């Protein structure tokens with residue numbers, strides 16, 4: 001729908017179109033409809049979040065309890081809302097290795113026992129390792145702090161869901177990117193044809209994400225990550241510069257690894273490499 005259509009449509013039509021944005025809670029769309037017209041999509045989302053935050057404590061708690069556990073039996077069986085199924089499957093939470101599944105099951109049980117509702121996080125903004133880290137960190141929160149944190153995460157989840165359904169002015173920022181640029185400083189020109197590989201780092205495991213080559217401008221034809229949030233976590237870029245530097249016996253560098261962390265899922269991270277036969281440097285670019 002366009003935002004203009006949202007502002008003009010009957011309430012029942014709004015509930016039918018947007019009732020699934022908030023997990024099992026079509027009443028959020030119904031209450032937010034009373035705040036129309038909205039000037040921006042961001043204001044529409046704020047109106048929906050206000051409906052949740054202003055709900056009576058019992059209804060708010062019941063709403064939190066309706067969310068599925070991460071990587072739980074419902075995730076493995078696909079027994080969740082369509083939104084949650086897609087979000088958890090995109091991160092592989094429906095098909096975890098036995099050890100990781102047991103770890104998440106233990107954390108789920110401890111969290112629910114502590115706070116009375118499932119652990120809620122915007123999985124589209126995190127790697128699996130980051131989710132485990134957040135799980136552990138948030139178990140130390142007080143009940144009041146954690147309820148606010150859960151609502152904040154619901155805001156991030158529903159923001160992504162809403163922008164997929166409504167078009168209009170003032171769209172919330174939901175997209176980040178990761179890019180790179182390789183420069184041959186010895187020759188004073190972009191380095192073309194350099195193999196670049198990106199890995200997600202999960203403990204001792206390096207999980208391949210993309211492999212590509214630099215073009216004539218020393219860049220990749222497309223960003224290494226884009227189209228949505230860039231998942232918060234740890235990564236490694238590997239630049240195979242041996243072929244670039246080996247002509248005439250120049251240099252001793254072969255594969256240059258650059259490890260870095262992403263902490264802002266909606267930011268553009270640019271990681272250039274400046275390389276010569278005997279040295280290299282990198283930095284957070286713009």
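Quick look at the numbers
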{"read-out": "Full-extension gain in nm, residue 187 to residue 89, via 0.36 nm per residue minus C-alpha separation", "value": "30.7 nm"}
{"read-out": "Among [x] 1, 6, 14, 17, 20, 17, 13, 7, 3, 2, 1, 0, 0; [y] 1, 5, 11, 15, 17, 17, 14, 10, 6, 3, 1, 0, 0, 0, 0; [z] 1, 5, 11, 13, 14, 13, 11, 10, 8, 6, 4, 2, 1, 0, 0, the entry derived from the coordinates for P(r) over Cα pairs in 5 Å bins from 0, in percent", "value": "[z]"}
{"read-out": "Value of relative contact order over the chain, rounded to a whole percent, pairs C-alpha under 8 Å and six or more apart", "value": "16 percent"}
{"read-out": "Degrees between helix 41-53 axis and first principal axis of the chain (Cα, 0 to 90, nearest 10)", "value": "50 degrees"}
{"read-out": "Residue order, fewest to most surrounding Cβ atoms within 10 angstrom, among 135, 239", "value": "135, 239"}
{"read-out": "Measure of compaction for region 3-163 (Cα Rg per 2.2 N^0.38 Å)", "value": "1.07"}
{"read-out": "Burial ordering of 132, 207, fewest other beta-carbon atoms within 10 Å first", "value": "207, 132"}
{"read-out": "Cβ-based exposure ranking for 269, 199, in which fewest neighbours within 10 Å come first", "value": "199, 269"}
{"read-out": "Percent antiparallel among DSSP beta bridges (both partners in the chain, rounded to 5)", "value": "75 percent"}
{"read-out": "Extension reserve of the residue 113-residue 286 stretch, reckoned as 0.36 nm per residue once the Cα distance is removed", "value": "57.8 nm"}
{"read-out": "Computed log₁₀ I(q)/I(0) - Debye formula, equal Cα scatterers, no solvent, region 160-286, q 0.11, 0.16 Å⁻¹", "value": "-0.43, -0.80"}
{"read-out": "Relative contact order (%) - criterion: Cα under 8 Å, at least six apart; region: region 176-282", "value": "35 percent"}
{"read-out": "Estimated 222 nm signal from helices in the chain, with DSSP H stretches of n ≥ 4 weighted -39500 (n - 2.57), rounded to 500", "value": "-11500 deg cm²/dmol"}
{"read-out": "Relative contact order [Cα under 8 Å, 6+ residues apart], region 21-153, whole percent", "value": "21 percent"}
{"read-out": "Extension gain, residue 2 back to residue 105 (0.36 nm per residue minus Cα-Cα distance, nm)", "value": "33.0 nm"}
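Each value in this text was obtained by applying a stated rule to the coordinates, not by laboratory testing. The model shown is predicted, which means the values in this text are computed figures rather than measured ones. Quick reminder, even Gly has a Cβ in these numbers, built from the backbone with ideal geometry, and neighbours come from all protein chains shown.
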